[in-house]
Amino acid sequence: MAVSRRKRPADEGLQITSLMDIMTIILVFLLKSYSTEEITVAPSDDLRLPNSTAVLKPELAISAVISKRSITVDGQEIVPVESCPACRINANDKRGNLIVPLYERLKELADEEKANAERPGYSPFTGRILFQVDRDIPFSLVREAMYTAGQAQFAEFKFVVYGQEG
């Protein structure tokens, strides 16, 4: 029997190129899907949230704070609140039940979120807004803020409360 004269390839060692590709893909996936940041809701000094037995955790959303001094959206003061304990909005800042400066800011944020939702890697626009309301604010002001948010295409309302141990 004739022996093959072809040169046999020497052992080249372990090829890790494909393994590195797989590990890179897994790493990128984990980095995109894993978040170490929890949603923290820190009420301001002039805000006293109501107590509740609710156990749901807050979700990521636009944050609107209604305190005795102002209405704030994502840390930016939008409109002052006057005449507490009645807690009203100046008539010049309203059109019926619509709080005009609040509407303009929320509409701007809704348009930004919708534009971002069309980009790859961004979540779709949910229309979710997270309200932090002082426990002494009358419901009429909360209703006006909710109406305004609804007109700006934020239809899913979440309210932040203090949980009670029990």
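Assorted remarks:
Here's the yes/no breakdown for (1) outside any loop (DSSP other than H, G, I, E, B); (2) modelled with pLDDT of 65 or more:
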site: 20; (1), (2): yes, yes
site: 30; (1), (2): yes, yes
site: 36; (1), (2): no, no
site: 41; (1), (2): no, no
site: 44; (1), (2): no, no
site: 57; (1), (2): no, yes
site: 60; (1), (2): no, yes
site: 72; (1), (2): yes, yes
site: 77; (1), (2): yes, yes
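- Cross-chain or 6+ apart pairs with Cβ under 7 Å, the range 78-90 first and surrounded by 12 or more Cβ atoms within 10 Å (Cβ to Cβ), then in a strand (DSSP E or B) and among the polar types (S, T, N, Q): 78/72; 79/70; 80/70; 81/70
- Which numbered condition residue 51 fails, given (1) modelled with pLDDT under 85; (2) farther than 29 Å from residue 123 by Cβ; (3) surrounded by 14 or more Cβ atoms within 10 Å (Cβ to Cβ): (3)
- Of everything listed in (1) surrounded by 13 or more Cβ atoms within 10 Å (Cβ to Cβ); (2) in contact with a Lys or Arg (Cβ under 9 Å, 6 or more places away or on another chain); (3) at negative phi, the single unmet condition for residue 153 is (3).
- Considering residues of the range 137-165 that are in contact with a Phe, Trp or Tyr (Cβ under 9 Å, 6 or more places away or on another chain) and closer than 21 Å to residue 85 by Cβ only, the residue modelled with the lowest pLDDT: 159
- Selection status of residue 73, buried (at least 19 other Cβ atoms within 10 Å of the Cβ), out of contact with any helix residue (DSSP H, G or I) (no Cβ under 8 Å at 6 or more places or on another chain) and on the phi < 0 side of the Ramachandran plot: no
- Of all residues in the range 80-136, those satisfying the criterion of being of a type in the set (S, T, N, Q), at pLDDT 85 or above and assigned to a loop (DSSP other than H, G, I, E, B) are 90, 97, 126.
- Annotation note: of 119, 128, 143, 135, the sole residue that is of a type outside the set (A, V, I, L, M) and more than 20 Å from residue 62 (Cβ to Cβ) is 135.
The values are calculated or read from the model by the stated rules, or taken from the named source; none is laboratory data. Just so you know, these numbers come straight off a predicted model, no measurement behind them. Cβ: placed from backbone, ideal geometry, glycine included. Neighbour counts: every protein chain shown.
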